[in-house]
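Chemist: Quick one: the structure is below, and I'll ask about it shortly.
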Amino acid sequence: MKNIIKIFRDDLKDISSNIALIIVLIGLAILPSLYAWFNIKASWDPYGNTSNISVAVVNNDKGTTLFDKDLNMGDRLVDQLKDNNSLGWKFVNEEEAKKGVETGKYYASIEITKDFSKNIISVLSKDINKAEIVYTVNEKINAIAPKITEKGASTIQLQVNKTVVKIASEAVFETLNDLGISLEENLPMLTKIENSLVEVQGKFGKIDNILNTASDASSQITEIVKLLQNDMPIIESTLKNSINLSGDVKEFLQGTKTSMNDIAPTIKNDIKIINDVSSSVASGIGDLITAIQEGYENAPELVDGLYDKVNSLSSISATLGEFLTKLDKITPGTSLQGTIDSINGINSNLNSVKKVLASIKEQLNNGQTPSLDNLNGILTVLNDVNNITGNLLNSYDTQIVAPLNEIFDKGMSVSGDVITLLEKAEDKLPKINNILDTALNFSGDADESVAYIKEKVPEAKSVLDKLVTALSTVNNSKEMDDLISFLKNDIIEQANFLEEPVELVSNSLYPMENYGAAMTPFYTVLSLWVGVLLLTSLLTTEVYGEYKPYQVYFGRGITFLTIALLQALIVSAGDIYFLGVTVTNPAVFISLSLLISLVFTFIVYSLVSVFGNVGKAIAVVLLVIQVAGSGGTFPIQVTPKFFQNVNPFLPFTYGIAALRETVAGIYKPNLTKDIIVLLIFLVLAVILNVILKGPINKMLSKFTKKMEESRLTEH
């Protein structure tokens, strides 16, 4: 032990008495931090600056019409992109876009084809054609840029899909709404017809009374008949308008039934998302239980994230329930009511989950430990939600699609009944007119005219009685009120619901401030290994004098370790206080950096101490393997099988993972495991040196001497 301390003291004396060595060591202490800082800063927020990546946009869309309205989806898409800063959109013609991509002026181009709008709305017809957006990318310019522009193209595709649903459904609902309002406004027309016929009915009664009581019936009847003839054209005109309106409603309902069947899968997708997200929340409850049991600081954040998800699901289920209820109003008592009851049950369950989560959050904020029974109760409720949505998905065609068809069939049936009734009325009116004309122009004497009228009045009066009764039935029909209520709707609300029925609530369990913070563990660990490599390249592991191998190893090792720890202190403190990387626990971050440096120092120093220059080569090979195989940049699961296999045996793997815990949030079991494995590497390195240094040094002495004789290597 005395010799180990002596070696270290001699090293300190040599350093303090040699200004050149002091300058070199200061450089060695700072250099690794520069390596880390430059790389971290360069990758600080690359995805926040993608607006500088130029992408050409070409709009060749010729437009089309939808429900007699002009529609140009290409223009709409361009307007949306002008407000989108995710990429540097450049709106140019086709020739300029092609040339720009070839020369590298633009990273990619996106062409909106000429039949874009036409093909988009084909979803509302039997002949469906998919619309195309042509995406062209120059992959030669940069390795990452094509991935970013491809994501931008995918985003455009998603935006178009959402816009298509919104525009199509908005047009459908708007026309439905217009018809509903028109029906409502023209419903008094039916009442007017009924009132007119009632008035005529009364005049026929008056004629009948005159015939039975008056002595001079002919002249009085003639006056009444003339009045009736004046009423009849008004009644006929009103009937024709009502028939046309009812025909429009029936025809549109037939077309809309097809469109709504195309929209029906959206409802199915909503139910599936409720099913999937409720499963995700159940999994999150499991994590929350673990966090509460282990006393983790992030438990309140977990509760917040779960509450947001459940709140979003509750909103979705409530909106979906309201939408289905509106559909069901036209045909109360159909099988759609069962689905509505299930959706309302889901919403009730989710509201109870929200209350429990709010209570748990309050308990955590007050320093109390929530009862696990409440959390297990939430799991039971979520399991019920999952079962309900699962059953709805399994019986979707019978419980939802069939009732939707029934709703529109019922609406068309009501419209058809009204048309039939009005057409019958229209057919009967000429007969009444003929009776009136004949009575007025009768060529016989007055007595014969009165006799003719007396004979025909009961027949005309019978026709009128039937028409009045039928029209009264229609005017007071609940089905007609339900049809109007269904057709009238909140266009924007329902179109927005179908456009984006689900709002994604993002919950970052261990949030990173930016990409630079996420890359800090990797570059910090990498710089610590590089720092030790630089030390072994500039400083020798050998000591002049007669010492035992283990004394040389530990004596010079303390010197290496002192400088390496200084490197770690500078780089880790600089990450936080110079670069401004946000970490959850600065003290633990710096302490772990010192521990990692300790482990790396003994690994690299041991290799060089035992194997000499060969050890330096081994350390470089290990560096290369660890950069690719530690999972520091890409998930290890996406790397080749070789790197996945060696990943658990690399020091980088555990050093990076440990620092990530301090940057984003500590999960104690993971951090404990990482520290234990790092200490195992340290022990193995020391054992390797103690056992092998003496024998291998002797074995390699001749080899080393020959290398030195070449005058190309260090002495």
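Chemist: Would a scan of the range 110-121 turn up a residue that is among the hydrophobic types (A, V, I, L, M, F, W, C) and at pLDDT below 80? Steps first, please.
Modeler: The initial filter retains those residues of the range 110-121 that are among the hydrophobic types (A, V, I, L, M, F, W, C), namely 110, 112, 116, 120-121.
Adding the requirement that they be at pLDDT below 80 leaves 120-121.
Within the range 110-121, one or more residues are among the hydrophobic types (A, V, I, L, M, F, W, C) and at pLDDT below 80.
Chemist: Test residue 34 against the stated conditions and say whether it is without any contact (Cβ under 8 Å) to a residue 24 or more places away in the chain and part of a helix (DSSP H, G or I).
Modeler: On the way: without any contact (Cβ under 8 Å) to a residue 24 or more places away in the chain: yes; part of a helix (DSSP H, G or I): yes.
So residue 34 fits the description; yes.
Chemist: Restricting the range 52-74 to residues that are out of contact with any Ser or Thr (no Cβ under 9 Å at 6 or more places or on another chain) and modelled with pLDDT of 85 or more, which is farthest from residue 131 (Cα to Cα)?
Modeler: Checked the range 52-74; the qualifying residue farthest from residue 131 (Cα to Cα) is 54.
Chemist: Okay, next question. Looking at this structure, is residue 90 at pLDDT 85 or above and closer than 24 Å to residue 47 by Cβ?
Modeler: yes
Chemist: Of the residues 315, 335, 352, 371, which single one is surrounded by fewer than 20 Cβ atoms within 10 Å (Cβ to Cβ) and at pLDDT below 75?
Modeler: Numbers: 315 fails: at pLDDT below 75; 352 fails: at pLDDT below 75; 371 fails: at pLDDT below 75.
The conditions single out 335.
Chemist: For the range 663-679, does any single residue satisfy the condition of being under 24 Å from residue 548 (Cα atoms), outside the structural domain of residue 292 (by TED's automatic domain parsing) and modelled with pLDDT of 85 or more?
Modeler: So far as the range 663-679 goes, no, none of its residues is under 24 Å from residue 548 (Cα atoms), outside the structural domain of residue 292 (by TED's automatic domain parsing) and modelled with pLDDT of 85 or more.
Chemist: Assess whether residue 411 counts as being farther than 30 Å from residue 294 by Cα, small (Gly, Ala, Ser), at pLDDT 80 or above and out of contact with any strand residue (DSSP E or B) (no Cβ under 7 Å at 6 or more places or on another chain).
Modeler: On the way: farther than 30 Å from residue 294 by Cα: yes; small (Gly, Ala, Ser): yes; at pLDDT 80 or above: no; out of contact with any strand residue (DSSP E or B) (no Cβ under 7 Å at 6 or more places or on another chain): yes.
No.
Chemist: Let me ask something else. Suppose we filter the range 538-564 for residues that are more than 21 Å from residue 594 (Cβ to Cβ), part of a helix (DSSP H, G or I) and touching a Gly at 6+ places or on another chain (Cβ under 7 Å); how many remain?
Modeler: The number of residues fulfilling the criteria is 1.
Chemist: Which one of 391, 366, 383, 405 is modelled with pLDDT of 80 or more and in the same structural domain as residue 312 (by TED's automatic domain parsing)? First the steps, then the outcome.
Modeler: Values: 391 fails: modelled with pLDDT of 80 or more; 366 fails: modelled with pLDDT of 80 or more; 405 fails: modelled with pLDDT of 80 or more.
383 is the lone residue from the list that is modelled with pLDDT of 80 or more and in the same structural domain as residue 312 (by TED's automatic domain parsing).
The values are calculated or read from the model by the stated rules, or taken from the named source; none is laboratory data. Just so you know, these numbers come straight off a predicted model, no measurement behind them. Methodologically, a virtual Cβ is constructed for each residue, glycine included, from the backbone with ideal geometry; neighbour enumeration extends over all protein chains shown.
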